[in-house]
Amino acid sequence: MSTPPLTSTDAAPAAPVDLADLTPLAASSTTTDPKRTGFHHHHVALAPSLPELARVFTSAGYFLEMLTCEDRRLITPALPKMRLVQTWNRFDGPADRHLVTCELDPGQVAPSITAVAPAADWYEREVFDMYGVRFAGHPDLRRILLPDDSDFHALLKDFGQMDRGSEEGT
C-alpha cells in the first residue's frame with residue numbers, strides 16, 4: 001500500500017533548525033553524541049540572546065521541552081553563577097534535541113521568552129519561585145509553588161544552612 005499524497009491539511013515534517021541561524025546568537029555551539037548526552041547539540045548563550053534563540057527554534061517547528069535552573073554558586077565560589085537550562089525538540093522528523101545553557105550572575109535578570117514560547121510561562125515562574133531568578137517581560141512573574149509571602153527560594157544550595165558561627169554557639 002502506498003502512502004497517500006499530502007493534502008492541504010497535512011504538514012510536511014519540519015526541517016531541523018539551521019545551525020547557521022544560531023551561530024550569531026550563541027556564544028558557542030557544539031554537536032554532541034546523543035547516545036552519551038541525550039542531546040544532539042549544546043548551545044551556550046548570553047542572556048540577551050535568549051528570546052531570539054527561542055524565536056529561531058519555534059520558527060523551525062521546535063517546542064520547549066523544559067526550562068530550569070542550576071545553582072552553581074558553591075561549585076566555583078570564586079566565580080558564582082546561576083545557570084538557566086532549556087531543552088528544545090521537535091515532533092516531526094527525527095529527534096533533534098538542543099540543550100541551551102546560559103550563565104547568570106547572582107541577581108542578574110534574564111529576559112523572558114514567554115512572548116515567543118508561551119510554554120515558558122510556568123517554567124519561568126517555577127525558576128523564580130525556587131531559585132529567585134527574575135525574568136524581565138514575564139506577564140505574571142509570581143510564585144507558583146510556595147506561598148506568596150515566602151522569603152526564601154527552596155532550591156538554592158545554601159537554603160537552610162546555618163551560619164557556622166551560630167552552629168558552634170559563637
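The values are calculated or read from the model by the stated rules, or taken from the named source; none is laboratory data. Treat the numbers as computed from the prediction; the structure is a model and nothing was measured. Neighbour counts are summed over all protein chains in view; Cβ atoms, including those assigned to glycine, are modelled from backbone coordinates with ideal geometry. Accessible surface areas use protein heavy atoms only, side chains included; no ligands, DNA or RNA. Shrake-Rupley method; radii C 1.70, N 1.55, O 1.52, S 1.80 Å.
Tabulated values for the structure
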{"quantity": "Residue match in segment 125-135 (condition: open to solvent by 20 Å² or more (accessible area, probe 1.4 Å) and assigned to a loop (DSSP other than H, G, I, E, B))", "calculated": "yes"}
{"quantity": "Complete set of residues in segment 68-97 that are open to solvent by less than 40 Å² (accessible area, probe 1.4 Å) and within 17 Å of H153 (Cα to Cα)", "calculated": "C69, D71, M82, L84"}
{"quantity": "Scan of segment 30-50 for residues that are open to solvent by less than 60 Å² (accessible area, probe 1.4 Å) and not aliphatic (A, V, I, L, M), ordered by number", "calculated": "T32, P34, T37, G38, F39, H40, H41, H42, H43, S49"}
{"quantity": "Some residue of segment 139-159 being farther than 22 Å from S28 by Cβ and either among the aromatic types (F, W, Y) or under 13 Å from the mean Cα position of the chain (by Cα) (or both)", "calculated": "yes"}
{"quantity": "Any hit, segment 29-50, residues being assigned to a loop (DSSP other than H, G, I, E, B), at pLDDT 90 or above and farther than 18 Å from T87 by Cβ", "calculated": "yes"}
{"quantity": "Close pairs (6 angstrom Cβ cut-off, 6 or more residues apart or separate chains): within 15 Å of A136 (Cα to Cα) in segment 33-54, in a strand (DSSP E or B) and open to solvent by less than 40 Å² (accessible area, probe 1.4 Å) anywhere", "calculated": "A47/C102; A47/A110; L50/P111; P51/P111"}
{"quantity": "Output for segment 79-113, where each listed residue is in contact with a strand residue (DSSP E or B) (Cβ under 8 Å, 6 or more places away or on another chain) and outside any strand (DSSP E or B)", "calculated": "K81, R90, F91, A95, D96, R97, D105, P106, Q108, V109, S112, I113"}
{"quantity": "Given (1) within 12 Å of the chain's Cα centre (by Cα); (2) crowded, with 17+ Cβ neighbours inside 10 Å; (3) closer than 23 Å to L156 by Cβ, index of the condition L53 fails", "calculated": "(3)"}
{"quantity": "Residue in segment 145-155 that is crowded, with 17+ Cβ neighbours inside 10 Å and either of a type outside the set (A, V, I, L, M, F, W, C) or in a strand (DSSP E or B) (or both) present", "calculated": "yes"}
